[in-house]
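Everything on this sheet refers to the single structure shown next.
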Amino acid sequence: MKIKDYRTQFIQELSPIYDAGEAESFFYLILEEKQQLKRIDLALNSDLTFSNEEIQLWNSILEKLQQEIPIQYILGKTSFYGLNFEVNATVLIPRPETEELVEWIIKDGAVFRNDKELKILDIGTGSGCIAISLAKNISNAQVFAIDISERALATAKKNAEINEVNVTFIQKNILETEDLEQKFEIIVSNPPYVRELEKQEIKKNVLDNEPHLALFVEDNDALIFYRKIAELALKNLSPKGQLFFEINQYLGREMMELLKNMGFKNIELRKDIYGNYRMIRAEFSVQ
């Protein structure tokens, strides 16, 4: 079967679920990953064909897409901040908004660049995307990363190897932690923050496939992770150390109040590329 003909069929069969542009992008992602062919190759040689075995493989992928399994999980990989990451159902798929958080840290972390060593802690690391991106882009950083999930940490360790960086990974339940036992210049976290009442806003492919442990919090205590991490930051940030969070877009005001009431200074709330309040930074000031 000619690949160009299968492409038409592929897009048509996905059209009840995805728009044509998204279905087409899936096709070319898979084409490059499974066939090592790019869009230009197909444009230059419209007679390229799939074997029967290749069609069976593509049909199995198509079936998974029709079940709304994320393309990143199907391919087992994604890109984040210009780096390659393995992903699976034990970790959240890294998102563009989180890249913005990483960019903010890299730029603001420049104030520490003259230090001999900059210690950074990523809490709830998942795939390791934040920790690994920071380790790759801040030359004097010693990066640590915590997660409660042993399986997530196994994925993060593999990603550190893929990207050739050194990150110290620690399995720990942050809610049960009283002290981090060392000082850090930067603490960052993208903890669970989606309230149960917001589940209806979550796309089906996320709700049915990504780990709920990393997504959801109870409606009556939506800031539980932020409060705990901020408490630890008060003990374990160096003077003028910085605390960064990705946050629930609906709870920006509450986050500002929480950090202010806990004594943090120079608090800044930022919007993401979609215009949502998604990031916050605060500074630890010695009283």
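Based on DSSP H runs of at least 4 residues, each adding -39500 (n - 2.57), what is the mean residue ellipticity at 222 nm of the chain after dividing by all its residues, to the nearest 500 deg cm²/dmol?
Calculated mean residue ellipticity at 222 nm is -12000 deg cm²/dmol.
Using 1/(1 + (r/R0)^6) with R0 = 51 angstrom and r between the beta carbons of Ile148 and Asn52, what's the FRET efficiency to the nearest 0.05?
After rounding to 0.05, the efficiency reads 0.65.
With the full set of protein chains in place, find how many percent of the accessible area of the chain is carbon and sulfur; take the probe as 1.4 Å.
Carbon-and-sulfur percentage of accessible area, whole number: 46.
Relative to 2.2 N^0.38 Å, what does the C-alpha radius of gyration of the stretch 144-224 come to as a ratio? Two decimals please.
1.28
State, to one decimal in nm, how far the label point of Ile202 lies from the label point of Lys265, with both points 7 Å from Cα in the Cβ direction.
3.9 nm
Using a cut-off of under 12 Å, list every residue of the stretch 187-230 whose amide N is near the label point 7 Å from the Cα of Ile17 along the Cα-to-beta-carbon line.
Once the point is set 7 Å along Cα→Cβ of Ile17, 204-206, 208-209 turn out to lie under 12 Å by backbone N, inside the stretch 187-230.
Where a ≥ b ≥ c are the square roots of the eigenvalues of the C-alpha gyration tensor, would you call the stretch 146-287 rounded, which needs a/c under 1.5, or, failing that, prolate if a/b is larger than b/c, or oblate?
oblate
Can you give me the span-like helices of the chain, meaning DSSP H runs with 20 Å or more of Cα extent along the axis and Kyte-Doolittle mean at or above -1.0?
20-35, 52-66
Here are some pairs, Lys77/Lys271; Lys77/Lys116; Lys34/Lys199; Lys2/Lys136; Lys77/Lys265; Lys107/Lys204; which of them have Cα atoms lying more than 30 Å apart in this structure?
Pairs exceeding 30 Å: Lys77/Lys116; Lys34/Lys199; Lys2/Lys136; Lys77/Lys265; Lys107/Lys204.
Whole number in Å², please: accessible area per residue of the chain, 1.4 Å probe, ligands, DNA and RNA not counted.
I get 50 Å² per residue for this part.
Looking at the chain as a GNM with Cα springs under 10 Å, which of Leu180, Leu57, Leu223 has the largest mean-square fluctuation?
With Cα springs under 10 Å in the chain, the top fluctuation among Leu180, Leu57, Leu223 is at Leu57.
Going by average Cβ density within 10 Å per residue, which order do the peptides 149-156, 60-67, 199-206 take, highest to lowest?
149-156, 60-67, 199-206
In nm, give the distance between the simple-model label positions of Leu29 and Lys172, each being 7 Å from the Cα along the Cα-to-Cβ direction.
Going by the 7 Å Cα→Cβ label model, 3.4 nm.
Which log10 I(q)/I(0) values, to two decimals, does the stretch 77-179 give at q = 0.12, 0.19 Å⁻¹ under the Debye formula with one point per Cα?
-0.36, -0.91
How many percent of DSSP beta bridges within the chain run antiparallel, rounded to 5?
40 percent
Once you list every other residue whose beta carbon is under 10 Å from the beta carbon of Lys183, what net charge do they have if Lys and Arg are +1 and Asp and Glu are -1?
The answer is 0.
Under 18 Å Cα-Cα from Lys203, which lysines qualify once same-chain neighbours fewer than 8 residues away are excluded?
Result set, ordered by chain and number: Lys64.
Got the relative contact order for the chain handy, in percent, Cα pairs under 8 Å and 6 or more residues apart?
Value for the chain: 14 percent.
For Leu213 and Lys116, calculate 0.36 nm times their separation in residues minus their Cα-Cα distance, and state this gained length in nm to one decimal.
Gain on stretching Leu213 to Lys116: 31.2 nm.
Mind computing the radius of gyration and Dmax over the alpha-carbon atoms of the chain? Å is fine for both.
Considering the chain through its Cα atoms, Rg and Dmax are 21.2, 72 Å.
The values are calculated or read from the model by the stated rules, or taken from the named source; none is laboratory data. All figures in this text were calculated on a predicted structure; none of them were measured in a lab. Using ideal geometry, Cβ is built from the backbone for each residue, glycine included, and neighbour counts are taken over all protein chains shown. What goes into the accessible areas is simple: the full protein's heavy atoms, side chains included, and nothing from ligands, DNA or RNA. Shrake-Rupley method; radii C 1.70, N 1.55, O 1.52, S 1.80 Å.
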